[in-house]
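A quick write-up on the structure given underneath.
Just so you know, all these numbers are worked out from the coordinates, no wet-lab data involved. Remember, predicted model here, so these are calculated numbers, not experimental data. We place every Cβ from the backbone using ideal geometry, glycine too, and count neighbours over all the protein chains shown.
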Amino acid sequence: MIMAENNSEKVRKLQEKNRQEQRKYMKKREQEEQKARKLIHSLIQKIDHEPKNYHHYYELATLLVEGKDYEQAEELLMKALGLFKDSSNDVLDTLNFGLGNVYYAAQEYDKAIKTFQGINDVKLQAEAYAMLAQSYMAKGDNKRAMVFALSAQSSKRDDPSINEMIGDNLLALGNFAQAGEFYDNVLKLEPQNGKASFNRGLVAMVNGEDFDKYFEIAKKSDPDYFNRGQQKLKDIEKVVQLNRTKDQKPKK
């Protein structure tokens, strides 16, 4: 009887804790939504006061994308492209870059690719190449993604996000040694990068290096990615085991 009462009390406390966590989550979410609504309202007012300032349209579309309102974001930028059709190329390219981001966020990768390919402004070129690489990666086309990632890197040589992207493509293509070099470049600037650490650990496993240190950082810095990567880890372990078996076979 006492044990049953103790268990009942534990369940009650756990339920109350869950309710408290849910209330905290809902309150935080409500605050974030309220903040977003204020920012959106502020930007709409800015557009009303300065309808010829293209930056306001771009910023409002970015906020709408953050709120996953892709349809409205697309409509807004299409409208802006019509309003500014006689403007300079850098204005049109900025708005098109925003539109490409809308399509990418909405997982309409073919539309995103077509939009990013039309951007010629020098200031946006590296960012457009990076988004093209990400779009092709999302489609599973690592070879094309690699081409655009390297193009982006030509003007952003030390950018960790670009180097990580190149490492990810090389890893997907099975080029482990080179992938390791790019992950090392990332970790020089971002030593606690959990995703890069995990993938560097996979490379280390294949190359016969010490890999525990990389997985320890990954588990601590990005536990979600570490947990999601367990299947990839098992696949790499199979590759390593297969290679060992081949090496152990006597040569004829």
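Between S42 and Y225, the simple label model (points 7 Å from Cα in the Cβ direction) yields a spacing of 3.1 nm. Based on DSSP H segments of at least four residues, each scored -39500 (n - 2.57), the chain has a per-residue ellipticity at 222 nm of -27000 deg cm²/dmol. Computed extension length for M78-L242: 53.7 nm, one decimal, from 0.36 nm per residue of separation with the Cα-Cα distance subtracted. Shape of the chain from its Cα gyration tensor (a ≥ b ≥ c, root eigenvalues): rounded if a/c is under 1.5, otherwise prolate when a/b > b/c, or oblate? Taking the square roots of the gyration eigenvalues as a ≥ b ≥ c, the chain is oblate. Cut-off 10 angstrom, C-alpha nodes, Gaussian network model of the chain. Which of Q45, Q125, Q15 fluctuates the most? Comparing Q45, Q125, Q15 in the GNM, the peak value goes to Q15. Please work out the FRET efficiency for the pair L173 and K68, using the Cβ-Cβ distance as r and a Förster radius of 35 Å; give the result to the nearest 0.05. So, using R0 = 35 Å, E works out to roughly 0.65.
Subtracting the Cα-Cα distance of N120 and K139 from 0.36 nm times their residue separation leaves 4.5 nm of extension gain.
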